[in-house]
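**Student:** I have a structure here, written as structure tokens, and I will follow up with some questions on it.
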Amino acid sequence: MMTTTFTDFDPEEHWRSVAKLLEEGGGTKDYIGHVTLGPAIVEARPAGTCTVEVPSLRPPAGVDAGARGSTEGWGIGPSPHEMGSYEAEALLDKIHRYHLDALAAMGKESVGRHACGMVFAGYAYGMLDGPVSNIVANALWYDLMFPPPPSGEDQVKMLGAKAIFRMAYRSRDALIAFMRHYAPSLGTQDVLRCLLHADGNLQQAVRLLHKDGIGLGSEIDAFRAAIKSVDLPNETVRGAHLSFVASYGSARALFLLNCSLFHPSVLRCLGQNLPSDLQEHPIITRSVYELEGTSTSSPLNLSPVAYRALRLKMHSFRMEQELSLAIVHKALQKLALQLGEPYELHMICGKNCVILPPESYYHINFLASPKRCSNPPTHFFC
């Protein structure tokens, strides 16, 4: 595979390649500003644009992607992954952006510490009025229940593209599952249109249902269906999460307990007008008590083959992270020259290999902010 280094980039050749690409694949001159073929060409990502094909996460035929472990009492219909409508893809795009916004909402030190919670439970459903608020609250809940290891050299600096899209897929599935159970008279396409009209905001979608006078089912059962669809590890964890996610007060309390993780402007954007004094919420305390000693992993020991495969996978990810960090640090140097001030990395949000024969390129998304600025980071790609 042919690669391009940072030292041999030719700007004129870059624009010739862009013109050729547009001629072959179609497009307009205005679109040139959003195409990056050369390394260290750093641009702020415009909201709502998509320049890399979404990785396919559809399960094999006949396999239920959500079936794992005991699911008694958590029944739900076929996975919405099988949908291919415009509404389903448009909703996925919105939710994907919300997950990136949730990563940006956390400070530079906290985003790596809570990356695990984001991946395992940071989904867009809940009682808070806003997808980003619910994503962050659910991630904080998971890390409260199952604390990550102390920060150190192994702190996460990168989330893979497939991991982020998997989060978005599961959030979409959860929102659809909630709506199908809460408004059983609606079909899947009606649910998708309602969620799109609400911009992926579950509570806004519920308000639209009330406004239209649509017959509603049990909210608790709807949240139970949503939780089942995201495939939390076991029945105990699902039950504890149900207690948390169905309580508006517990989510607000968790925000207050962790408000130091966020910039004040982020809290305002999240729409959380938090009180100045609040003790630990009883639902959070009870959840901790219920889950004390609970593990999210299987009690069975891994076989030698499985353990070796896991170690190889972890090593491969670390190597990929190191490569991505090296590329992004070069991009940050270019960014400093372009904007006149040094930037620092918050998190790498996915790396894809873009093949344009006879060459190939890495497309990396990342969050970065000026070193002397406390504002939330900006989403860039290189």
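The values are calculated or read from the model by the stated rules, or taken from the named source; none is laboratory data. Since the structure is predicted, the reported quantities are computational estimates derived from the model, not experimental observations. Cβ placement follows ideal geometry from the backbone for every residue including glycine, while neighbour counts extend to all protein chains displayed.
**Student:** Mind listing whichever residues of the range 158-193 are surrounded by fewer than 19 Cβ atoms within 10 Å (Cβ to Cβ) and farther than 30 Å from residue 318 by Cα?
**Tutor:** 184, 185, 186, 187, 188, 189, 190, 193
**Student:** Residues in the range 295-318: is at least one part of a helix (DSSP H, G or I), at pLDDT below 85 and of a type in the set (Val, Ile, Thr)?
**Tutor:** Within the range 295-318, one or more residues are part of a helix (DSSP H, G or I), at pLDDT below 85 and of a type in the set (Val, Ile, Thr).
**Student:** What are the pairs, 6+ residues apart or on separate chains, where a residue within the range 208-227 that is within 25 Å of residue 244 (Cβ to Cβ) has its Cβ under 9 Å from a residue that is of a type in the set (Lys, Arg) and part of a helix (DSSP H, G or I)?
**Tutor:** 218/224; 222/180; 224/238; 225/180; 227/238
**Student:** Under 8 Å by Cβ, and 6 or more places apart or on different chains, what pairs join a residue from the range 115-132 that is charged (D, E, K, R) with one that is part of a loop (DSSP other than H, G, I, E, B)?
**Tutor:** Pairs found: 129/201; 129/271.
**Student:** Residues that are surrounded by fewer than 24 Cβ atoms within 10 Å (Cβ to Cβ), farther than 26 Å from residue 324 by Cβ and among the charged types (D, E, K, R): does the range 142-157 have at least one?
**Tutor:** Checking the range 142-157: not a single residue is surrounded by fewer than 24 Cβ atoms within 10 Å (Cβ to Cβ), farther than 26 Å from residue 324 by Cβ and among the charged types (D, E, K, R).
**Student:** Can you tell me which residue is surrounded by the most Cβ atoms within 10 Å (Cβ to Cβ) among those in the range 344-361 that are over 13 Å from residue 160 (Cβ atoms) and under 23 Å from the mean Cα position of the chain (by Cα)? Even if it seems obvious, please write down each step before you answer.
**Tutor:** Taking the range 344-361 and keeping what is over 13 Å from residue 160 (Cβ atoms), we get 344-346, 354-361.
When the remaining residues are screened for being under 23 Å from the mean Cα position of the chain (by Cα), the result is 344-346, 354.
Numbers: 344: 13, 345: 19, 346: 24, 354: 14.
Top of the filtered list is 346.
**Student:** For the range 338-368, name all the residues that are at pLDDT below 85 and within 16 Å of residue 104 (Cβ to Cβ). It would help to see each step written out before you state the result.
**Tutor:** Step one: list which residues in the range 338-368 are at pLDDT below 85, which gives 338-341, 350-363.
Residue satisfying the conditions is 350 alone.
**Student:** Moving on. Residue 326 passes all but one of (1) in a loop (DSSP other than H, G, I, E, B); (2) at pLDDT 80 or above; which number fails?
**Tutor:** (1)
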